1. Kirkwood hydrodynamic radius for the range 12-81: how many Å is it when counted over pairs of different Cα atoms?
2. Might you report the magnitude of the Cβ-based charge dipole of the range 1-106 about its Cα centre, with Lys and Arg at +1 and Asp and Glu at -1, to the nearest 20 debye?
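Just so it is clear, none of the values below were taken in a lab; they were calculated from the coordinates. The model shown is predicted, which means the values in this text are computed figures rather than measured ones. Cβ placement follows ideal geometry from the backbone for every residue including glycine, while neighbour counts extend to all protein chains displayed.
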Amino acid sequence: MEEIKYKAGKINIESDDNDIISSFLNGNESAFNLIVLKYQKKIYWIIRKMVIDHDDADDITQEVFIKLYRSLGNFRGESALYTYLYRMAVNYSLNHLKKNKLINSRIMNFDEESYRLKSDGENIDEKLDADEKTRLLKKAISGLPEKQMAVFNMRFYDNLSYDEISKILKTSAGGLKANYFHAVKKIGQIIKNKKGFAL
């Protein structure tokens, strides 16, 4: 495991985020690499689920960490570092979607691991296999408005509470519940003719 000297002891990827940040702010540039190693993959997949394209997701992930590098001195620890990064990832993704308006026309081309279907525990219709269900869900999600997509991903895939999403998006929990409700309803309309799948 990569280790970096930190005052009297050492910091590594399992060190408390505040210790890593303090080390970085005290002049240890290498400490920032630990933050990247610790969170880069998670942030990439948050972004990838929203922008779909690997290259776009990769670019936005880099933008997020560049922004973090430049703004870490202003980080006050009012939220966890991961929450701070999550918020940036979502906001950068939303900005990308609004700027490019490609979500409805882009060819769906992402790895199966980027989305995992949740089963309701009941029998799955034999006519609709897992791959077909995955493609159907991806297509349905891709047609959602940007904010509904963000809320749906955070609730359905990342299991975040409305309070957590509220802190990330800086929106009222009531509004988020409405967004999620409308997202589920729209997805349900798209897949209602397909059996064996439940949100």
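1. 12.8 Å
2. 400 debye
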